[in-house]
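First up is the structure itself, then whatever we jot down about it.
Values quoted throughout were computed directly from the atomic coordinates according to the rules given, and no laboratory measurement underlies them. This one's a predicted model, so the numbers in the text were calculated from it and none came from an experiment. Ideal geometry is used to build each Cβ from the backbone, glycine not excepted, and the neighbour counts take in all protein chains shown.
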Amino acid sequence: MTLILENLTHAYGQTKTLQGVSLNVEKGEVVSLLGPSGCGKTTLLRLVAGLEHLKSGRIELDGQLLATEGHHPPPETRPVGLVFQEHALFPGMNVAENIMFGLKKLPAAKRQERCRELLNMVGLAGFERRKPGALSGGQQQRVALARALAPAPSVMLLDEPYASVDVMLKREMREAARLLLKQAGSASILVTHDPEEALEMSDRIAIMSDGRILQVGTPEDIIEQPLAPEVAHLFGEAQMLDGEIDGDFLNTPIGRFRIPGGSSESMKGKLYDLVVRPTGLSYHADPDGEWIVRDLRYSSTGRILYLTGANTDSLSVVRVSTGFGAPPVVGERGHIDLLDRHAFLFAKKSH
Ligand SMILES: Nc1ncnc2c1ncn2[C@@H]1O[C@H](COP(=O)(O)OP(=O)(O)OP(=O)(O)O)[C@@H](O)[C@H]1O
């Protein structure tokens with residue numbers, strides 16, 4: 001076990017930012033913190049980096065205490081590499097000088113050897129003498145990654161590093177960065193609010209909300225077995241609907257759905273959140289059906305149908321995934337079935 005965060009709390013004045021966060025990150029593992037703006041992701045990174053003082057809890061690295069209440073070693077003494085969105089390369093230094101900045105303790109020959117190695121790793125051999133201003137955004141980001149990795153830190157912290165990169169480049173950079181981080185063997189934490197980025201980059205994802213971690217798991221766990229509506233809602237174009245159990249059906253404002261396997265006695269009359277992805281529903285045409293096809297869209301994984309309830313005036317749609325067979329006709333009626341996968345019922349908490 002490399003990095004252990006234990007029951008961390010933090011507040012800026014009266015605002016509680018972290019409320020008892022615990023997380024372990026193994027050597028060579030990439031863990032993403034995923035959650036909405038303001039949930040405390042950056043604060044968690046800043047605590048590990050030493051840019052904020054911990055109010056309570058402890059941070060351990062390789063069995064050694066790194067920080068706790070009253071013990072805050074300064075950032076430059078921590079074996080931590082940082083990559084932020086605004087990559088903060090030194091504009092007056094060339095690429096090689098930027099990368100070698102954290103290697104001052106090494107003899108010059110070793111420094112240059114490490115710099116060459118890193119430039120090869122990030123695919124920028126030959127760019128040594130360029131100034132950051134003469135590089136593309138993607139190249140600057142790779143230099144920032146090389147600079148952070150140069151001293152071989154035990155921990156790498158990345159805060160929305162690809163937020164300003166265009167979509168096509170983003171995928172390539174994420175793949176390359178993940179391989180580099182795995183190769184470097186650091187315990188890495190990546191902050192993002194983009195579920196796709198978390199899925200592409202991570203061995204595990206920690207879903208955060210309001211200063212707490214709601215769930216930690218592999219991408220597969222998080223997608224297939226979400227433990228809270230907020231978690232289920234993040235992935236795969238999910239929709240969240242309020243509903244009340246009525247026999248074996250869930251009545252929602254936009255229509256009713258049969259519950260696969262029926263409802264149990266204890267569910268009857270209770271309020272639920274239904275979180276459903278288009279892939280969690282199936283459709284078949286039926287002139288007596290309770291749903292009307294309003295629109296459809298082609299996607300790389302099949303067609304998405306947009307349906308409204310035939311017995312409501314609501315124009316709110318439910319999205320249903322179908323295959324590539326003959327498309328339904330706009331205006332036709334049909335049935336929708338909730339499937340066992342990708343449709344999740346969560347009992348509403350009573351207040
Ligand atoms: N220096 C500060 N002083 C006071 N409040 C702060 C400070 N930094 C952050 N906060 C507040 O703490 C909360 C958590 O902020 P934090 O930056 O950790 O969230 P985040 O999840 O990283 O958000 P984002 O995705 O927008 O960067 C927010 O309510 C924010 O307004």
Per the Kirkwood formula over distinct C-alpha pairs, the hydrodynamic radius of the range 162-230 in angstrom is 13.1 Å
With a 10 Å radius around each residue's Cβ, average the other Cβ atoms per peptide and rank 286-293, 24-31, 323-330, highest first.
24-31, 286-293, 323-330
Based on a Kirkwood Rh over C-alpha pairs, give the Stokes-Einstein translational diffusion coefficient of the range 239-347 at 37 °C and viscosity 0.692 mPa s in µm²/s.
233 µm²/s
Nearby lysines by direct alpha-carbon distance to Lys182 (threshold 17 angstrom, same-chain neighbours under 8 apart not counted)
Lys27
Over the range 221-288, what is the relative contact order in percent, taking alpha-carbon pairs closer than 8 angstrom and at least six residues apart?
33 percent
Based solely on its DSSP helices, what 222 nm [θ] is calculated for the chain when runs of n ≥ 4 H residues each add -39,500 (n - 2.57) and the sum is averaged over all residues, nearest 500 deg cm²/dmol?
-6500 deg cm²/dmol
Per 5 Å bin, what is the whole-percent P(r) computed from every C-alpha pair distance within the range 140-198?
4, 17, 33, 28, 13, 4, 0
Could you please report the charge total around Ser300, scoring K, R as +1 and D, E as -1 over all other residues with beta-carbon less than 15 angstrom from its beta-carbon?
+1
Fraction of beta bridges assigned by DSSP in the chain that are antiparallel (%, nearest 5)
75 percent
In the structure displayed, which of Lys131/Lys170; Lys16/Lys268; Lys41/Lys270; Lys16/Lys170; Lys104/Lys131; Lys170/Lys348 lie more than 27 Å apart, Cα to Cα?
Lys16/Lys268; Lys41/Lys270; Lys16/Lys170; Lys170/Lys348
Among 40-52, 208-220, 263-275, what's the highest-first ranking by average C-beta atoms within 10 angstrom per residue?
40-52, 208-220, 263-275
As a footprinting exposure proxy, order Tyr298, Tyr283 by other Cβ within 10 Å, with the fewest listed first.
Tyr298, Tyr283
Sort the following peptides by mean Cβ neighbour count (other Cβ atoms within 10 Å, averaged over residues), highest first: 91-102, 3-14.
91-102, 3-14
For the range 239-347, calculate the relative contact order in percent as a whole number, restricting contacts to Cα pairs under 8 Å that are 6 or more residues apart.
32 percent
Kirkwood hydrodynamic radius (C-alpha pairs) into Stokes-Einstein, the chain, 25 °C and 0.890 mPa s, D in µm²/s
107 µm²/s
Percent RCO, i.e. relative contact order, over the chain, from Cα pairs under 8 Å lying at least 6 residues apart:
16 percent
